[in-house]
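Down below is the structure, laid out as structure tokens.
The values are calculated or read from the model by the stated rules, or taken from the named source; none is laboratory data. This structure is a prediction, so every number in the text was calculated from the model and none was measured. Positions of Cβ are generated from backbone atoms using ideal geometry, with glycine treated the same way; all protein chains shown enter the neighbour counts.
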């Protein structure tokens, strides 16, 4: 923090002596008057100049957009879980962080043979279905208060004469699109019959999952998927004329068979059903997964071509652009495991960096597989970042000007009369020792009329708001077998340890709960404006996130 210097004026000893002599002489003989000069001592040294490459300039009157909520939708691979009251009850603790669930592979065609609603055709060619299981699970889901989103992806096994099992089940197009249309129609009519048109038309419908990932998610050509999309959209719109619908999330890894062509098809391609130009697309989405062993953040280059393509079509420039699969896929050893994130301070600082980039690139939503530690509701580092987001949500994001290099920065927000600064430092290697100091420097707007501010601060780093290191230490001390070739520091300790880790977790749960809470590191400190600016010094560990709250006094 920067403090205002106070001038100290010291009367010189010579002046004191001269005054004494003058006073004494005035009582006796007059003396010759001498000029007396009062010279103050030099001022206290000013604060040393700040390296301009560490300053983040913020005009609190320069709004660039809203601090909108991008974090509150989670994917769900098995919607039947919502049938259980215990599972529904387990979700109560996450309700501040979640608003919607995106339900994948609801239509069947699964390797676990769930959702077998389609049961063939009768002698007249009409489909036979049993949606009782769908109604049961969806009734349970609606009791949670979350909003459903439906993925119309895998084709039921019985719609293909030749059954081919791929990674995620049946990824073939249907043999007969008339049967597929009947099924989509019946599926939607079942939902409408149970929950009403006014409700169902507010749900999102996504056609397919990573359709450019062949054959794992789509065992057909690019053109066959465009046809599949057009037919599916056409049937959905027959049932729900103003349905919210879009194509599956594009894979963005090297295995992708195409990239932005689906946007071109929806904009100016020939519709396979109508023969007209284009197809309805209310949102667009991709997958984004990081890999720690690649020692990079590839977000800017990943989203750039999609953002540019959407911007090139006026009808798609402002539609939601989402990341509907997201996480850290591999650890520093190249191991994947079941975990889809890093649960330590590294994952937290990475998430803050991604948030900053997401706002810069107008990403509307990022679907999150989960922010809790396996077999508990303990927050991993990223959920504590989300806790910070909640304090800022709905505020106005402010313009920043800086020369900061690397993966560090500030997301500044005004909310009412408060100012929030989310300051982060991320390094792409876990063992980095690159501490940083940043100086957010605020002026204008709310700063103009106030001199003194009260400051609170919350911190996430290796020793604040993180419990996983302590769990690992305790599990090792308990002699639980460690899978040295398993993923390390994911959100699922079972990737790294044998089952005994759960006993350690439950035995020490209260300790881990305390350690996992978002840690407040400064309370009601006073900071002062100087020369029209409020400058805050923020010291950051190699993987750290700080939220600074400024309240006018």
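Which ones in region 153-194 are under 19 Å from residue 131 (Cβ atoms) and surrounded by fewer than 17 Cβ atoms within 10 Å (Cβ to Cβ)? Selection gives 185, 189, 192, 193, 194.
Of the residues that make up region 261-276, is at least one outside any helix (DSSP H, G or I), closer than 27 Å to residue 359 by Cα and modelled with pLDDT of 95 or more? No, region 261-276 has no match at all. The set of residues from region 316-326 being in contact (Cβ under 8 Å) with a residue 24 or more places away in the chain and in contact with a helix residue (DSSP H, G or I) (Cβ under 9 Å, 6 or more places away or on another chain) comprises 316, 319, 321, 323, 326.
Looking only at region 227-260, filter to residues that are outside any loop (DSSP other than H, G, I, E, B) and within 13 Å of residue 210 (Cα to Cα); which one of those is farthest from the chain's Cα centre (by Cα)?
That would be 229.
All of (1) in the same structural domain as residue 510 (by TED's automatic domain parsing); (2) under 20 Å from residue 519 (Cβ atoms) hold for residue 432 with one exception: (2).
Within the bounds of region 261-275, is there any residue that is over 19 Å from residue 340 (Cα atoms), touching a residue at least 40 places away in the same chain (Cβ under 8 Å) and within 25 Å of the chain's Cα centre (by Cα)? Looking for residues that are over 19 Å from residue 340 (Cα atoms), touching a residue at least 40 places away in the same chain (Cβ under 8 Å) and within 25 Å of the chain's Cα centre (by Cα), one finds at least one in region 261-275, hence yes. If the condition is being closer than 20 Å to residue 423 by Cβ and over 30 Å from the mean Cα position of the chain (by Cα), then region 500-539 contributes 526, 527, 528, 529, 530, 533. Can you confirm whether residue 385 is under 15 Å from the mean Cα position of the chain (by Cα) and not in a loop (DSSP other than H, G, I, E, B)? Considered against the rule, which asks whether it is under 15 Å from the mean Cα position of the chain (by Cα) and not in a loop (DSSP other than H, G, I, E, B), residue 385 comes out as yes.
Taking the conditions exactly as written (assigned to a loop (DSSP other than H, G, I, E, B), within 12 Å of the chain's Cα centre (by Cα) and buried (at least 19 other Cβ atoms within 10 Å of the Cβ)), does residue 368 satisfy them or not? In short, yes. If I filter region 70-77 for residues that are free of Cβ contacts under 8 Å to residues at least 40 places away in the same chain and out of contact with any strand residue (DSSP E or B) (no Cβ under 7 Å at 6 or more places or on another chain), do I get at least one hit? Yes.
Residues in region 198-222 that are out of contact with any helix residue (DSSP H, G or I) (no Cβ under 9 Å at 6 or more places or on another chain) and outside any loop (DSSP other than H, G, I, E, B) were compared, and the one that is nearest to residue 105 (Cα to Cα) is 206. The condition of being under 26 Å from residue 165 (Cβ atoms), over 30 Å from the mean Cα position of the chain (by Cα), touching a residue at least 12 places away in the same chain (Cβ under 8 Å) and not in a strand (DSSP E or B) holds for only one of 107, 114, that being 114.
Among the strands (runs of 3 or more DSSP E) confined to region 436-542, the ones with at least 3 residues that are farther than 22 Å from residue 343 by Cβ, touching a strand residue (DSSP E or B) at 6+ places or on another chain (Cβ under 9 Å) and at pLDDT 95 or above are located at 436-443, 452-460, 519-528.
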